[in-house]
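See below for the structure under consideration.
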Amino acid sequence: MEKKAFVTKDMVEDIVKKYPTPFHIYDEKGIRENAKALKEAFSWNKGYKEFFAVKATPNPFLINILHEYGCGTDCSSYTELMLSDAMGLKGDDIMFSSNDTPAEEFVYAAKLGATINLDDFTHIDFLEKTIGYIPETISCRYNPGGYFEIANSIMDNPGDAKYGFTKEQLFEGFKVLKEKGAKNFGIHAFLASNTVTNDYYPELARQLFELAVKLEKETGADIKFINLSGGIGIPYRPDQEPNDIKVIGEGVHKAFDEILVPAGMGDVAIYTELGRFMMGPYGHLVTKVLHEKHTHKEYIGVDACAANLMRPAMYGAYHHITVLGKENAPLDHTYDVTGSLCENNDKFAIDRQLPKIDIGDYIVIHDTGAHGFAMGYNYNGRLWSSELLLKEDGSVQLIRRAQEPKDYFATFDCFPIYEKLK
Ligand SMILES: *Cc1c(COP(=O)(O)O)cnc(C)c1O
């Protein structure tokens, strides 16, 4: 699929008058259309709900847009719970899917009435000791081990993942939880990440539905929801076919009708905790070319760096690049596009075919709407960029200002650097 930027050179030249590069910008129209399509794809399921994985894009303005389509939040830390709390989300709108969980996070999640999704068998005791009871509604995360395969091709490696209960622990766990007073049960599993295929969710659903039928039969636990979690991916590369959420929804529906309905479990709610799929394609990192360097290779130095987008440095991830104003120019140059960190992995692209780039050009790095800004860090004292929202009416709203030195130095109460220099 051809990758087109949702901003043009003219738009960016206008935006930078107020908000200098680098910045992440999000496309409200795209976010809305996608959220609507997801909702429709699962409308066959009465209790369906998406809990947006906050870690992907922890910005209340963006999460509020999703909330209009019935989405809640999936939190995994104290501050993500705080964000949900501050947005006025409560109880049924919050899923707490954490692991290696500190006690105070369980306390906060319980106080908010969030649905707690336990990552481990030992957390049953830990939770009970910490908050003094077992909530009536409780979920457990499942990890079958081995490889997750579709049609004999390996999608991911749950056997090497730190998350979840084994199958035996899940059966035992449900019995223990029931004895301790739990009434409404959920199952959760996240077995493959960034899947660019319409088959992942239906296959996962099939496995979880079969498990749910056995669990209800053997433990007597009343299973109210099955959480398919995250993992629906996006086409970072132009040669990848995007997932079709309608086809995915129909695939899960088919498995539901074949397995749960005949078992008398047709009232089970389907939950999802998508992050990447909800936001990924609807964010761009916009950056300006500062330098060109001709040594053993051709380098283009931009004003963003891995502190603004870590995925290429961390995973060697591909992010497509558009040079604004040169969308139709021939890709007849080979560049490494770099940031300024004193780390040679600070490259947004390596040996990439691009049009001839000039100093002052604006570059769009695609698909930064999820796990983009959120993974930002402050190495080399590099500061986080601003976040902007391109609204449906074409206007631009600042939804998080850029970090300033005073923010970077804020935790030096013991040596207030910023105050000394004022
Ligand atoms: C990261 C995460 C998600 C979201 O994953 P995506 O790949 O962004 O869809 C959902 N649930 C849990 C528990 C996660 O850790």
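The values are calculated or read from the model by the stated rules, or taken from the named source; none is laboratory data. A quick note: this is a predicted structure, and the numbers were derived from the prediction, not measured. No Cβ is skipped: glycine too gets one built from the backbone with ideal geometry, and neighbour counts run over all protein chains shown.
Some values worked out for this structure:
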item	result
Residue satisfying all of: in the range 221-235; in a loop (DSSP other than H, G, I, E, B) and either among the basic types (K, R) or on the phi < 0 side of the Ramachandran plot (or both); farthest from the ligand (Cβ to nearest atom) among these	D222
Positions within the range 242-290 being of a type in the set (S, T, Y) and farther than 27 Å from A374 by Cα, in sequence order	none
Residue in the range 297-313 that is free of Cβ contacts under 8 Å to residues at least 12 places away in the same chain and surrounded by fewer than 20 Cβ atoms within 10 Å (Cβ to Cβ) present	no
Checking G280 against (1) free of Cβ contacts under 8 Å to residues at least 12 places away in the same chain; (2) under 19 Å from I25 (Cβ atoms); (3) of a type in the set (G, A, S), the condition it does not meet	(1)
Matching residues in the range 360-380 - criterion: being part of a loop (DSSP other than H, G, I, E, B), among the small types (G, A, S) and under 11 Å from the mean Cα position of the chain (by Cα)	G369, A370, G372
Failed criterion for N194 (all others in (1) touching a residue at least 60 places away in the same chain (Cβ under 8 Å); (2) in contact with a Leu (Cβ under 6 Å, 6 or more places away or on another chain) hold)	(2)
Leading residue by the ranking (farthest from L38 (Cα to Cα)) among those in the range 276-303 that are of a type in the set (F, W, Y) and within 16 Å of the ligand (Cβ to nearest atom)	Y282
Test: residue in the range 141-160 that is surrounded by 19 or more Cβ atoms within 10 Å (Cβ to Cβ) and in a helix (DSSP H, G or I)	yes
Filtered residues of the range 81-117 (kept if within 12 Å of the ligand (Cβ to nearest atom), of a type outside the set (F, W, Y) and touching a strand residue (DSSP E or B) at 6+ places or on another chain (Cβ under 7 Å))	M95, S97, N117
Set A161, A205: member being on the phi < 0 side of the Ramachandran plot, within 16 Å of the ligand (Cβ to nearest atom) and either of a type in the set (D, E) or at pLDDT below 95 (or both)	A161
Filter pass, N344 being in a loop (DSSP other than H, G, I, E, B) and in the same structural domain as A317 (by TED's automatic domain parsing)	yes
Residues located in the range 261-275, provided they are within 12 Å of the ligand (Cβ to nearest atom) and not in a loop (DSSP other than H, G, I, E, B)	Y271, T272
Enumeration of residues in the range 176-198 that are assigned to a loop (DSSP other than H, G, I, E, B) and within 16 Å of the ligand (Cβ to nearest atom)	A189, F190, L191, A192, S193, N194, V196, T197, N198
Hey, I350 more than 16 Å from the ligand (Cβ to nearest atom), β-branched (V, I, T) and within 22 Å of the chain's Cα centre (by Cα) or not	no
Some residue of the range 38-60 being more than 15 Å from the ligand (Cβ to nearest atom), under 23 Å from D393 (Cβ atoms) and touching a Pro at 6+ places or on another chain (Cβ under 8 Å)	no
Single condition A306 does not satisfy, out of (1) away from the ligand (no atom under 16 Å from the Cβ); (2) in a loop (DSSP other than H, G, I, E, B); (3) under 30 Å from I138 (Cα atoms)	(3)
Residue in the range 202-212 that is under 19 Å from the mean Cα position of the chain (by Cα) and in contact (Cβ under 8 Å) with a residue 24 or more places away in the chain present	yes
Neighbours by Cβ (under 6 Å, 6+ apart or cross-chain): first from the range 112-139, free of Cβ contacts under 8 Å to residues at least 40 places away in the same chain and among the polar types (S, T, N, Q); second crowded, with 17+ Cβ neighbours inside 10 Å and in a helix (DSSP H, G or I)	T130/F106
The lone exception for P281 - which of (1) over 29 Å from P235 (Cα atoms); (2) in a helix (DSSP H, G or I) it fails	(1)
Residue ID - farthest from G186 (Cα to Cα), chosen from residues in the range 1-60 that are within 19 Å of the chain's Cα centre (by Cα) and exposed (fewer than 14 other Cβ atoms within 10 Å of the Cβ)	E33
Contacts under 9 angstrom Cβ, first residue in the range 40-56 being within 15 Å of M87 (Cβ to Cβ), partner away from the ligand (no atom under 16 Å from the Cβ), 6 or more apart	F52/H67
